[in-house]
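Heads up, the thing below is written out as structure tokens.
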Amino acid sequence: MLSLKNILSKKGYVKIKLRKTITNHFEVKAKINGVKGRFILDTGASNSCVGYDIAERFKLETKESKIKAAGAGASEMDAHNSSRNSLEIGEWKYENLNLVVFDLSHVNIALENHGAKKVEGIIGADILDKGEAIIDYKKKRLYLKKLIYKY
């Protein structure tokens, strides 16, 4: 009998290790524009995002957004957009990432209050959809289908 890993590998998926935090979130390591960071995997977040305070570290060029950000108990937060970024999660790569950039301090305060480490951002449903994500909760694995770019 073939394992989930073998079946998905044959269909072009890559396996990415997840770490379960003390707050019961899945955490994933990723690179944005070649810079490493720690991100929460959030199936309920419509967009992937990075905190204002570290946007420069990730080499993000931002512009103001008329749309306000909301989430994790906060709403109507000023936000910026950043487009044309690269994302690497394990062996999975995406070359045209749009990010929402806003104040994530409320998220990090909540994490720290529960003994968890701060995160630089959130990997949201936009990326999970783009990679046709499959999450194996028992084995703490994320599977994303490799994207094929035509230049």
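The values are calculated or read from the model by the stated rules, or taken from the named source; none is laboratory data. Keep in mind the model is a prediction, meaning the values are calculated, not measured. Cβ coordinates were reconstructed from backbone atoms using ideal geometry, including for glycine residues, and neighbour counts include every protein chain displayed. The accessibility values were calculated without ligands, DNA or RNA, using every heavy atom of the protein model including side chains. Shrake-Rupley method; radii C 1.70, N 1.55, O 1.52, S 1.80 Å.
Between Lys146 and Asn96, the simple spin-label model (points 7 angstrom out along Cα→Cβ) gives 2.0 nm.
Basic side chains Lys and Arg get +1 at the Cβ, acidic Asp and Glu get -1 at the Cβ, and with that the dipole of segment 9-147 about its Cα centre reaches some 980 debye.
Per the helix-only calculation at 222 nm, which mean residue ellipticity applies to the chain, given -39500 (n - 2.57) for every DSSP H run of n ≥ 4 and division by its residues, nearest 500 deg cm²/dmol? Theoretical 222 nm ellipticity from helices: -3500 deg cm²/dmol. Cross-link pairs exceeding 26 Å between alpha carbons, from the set Lys11/Lys118; Lys11/Lys31; Lys117/Lys139; Lys59/Lys118: Lys11/Lys118. What length, rounded to one decimal in nm, is gained on full extension from Arg84 through to Asn6, with 0.36 nm per residue of separation minus their alpha-carbon distance? Using 0.36 nm per residue and subtracting the Cα-Cα distance, I get 24.8 nm. Report the relative contact order of the chain, percent, no decimals, based on alpha-carbon pairs under 8 angstrom and at least 6 residues apart. Once normalised by length, the contact order is 31 percent. Residues within the reach of a label modelled at Lys117 (point 7 angstrom out along Cα to beta-carbon, backbone nitrogen below 19 Å), restricted to segment 1-27, are 16-27.
For Lys93, nonlocal amide neighbours, meaning residues 5 or more places apart or on other chains whose placed amide H falls under 5 Å from its own, are Leu147.
Using heavy atoms of the protein chains and a probe of 1.4 Å, the accessible area assigned to Ile7 is about 70 Å².
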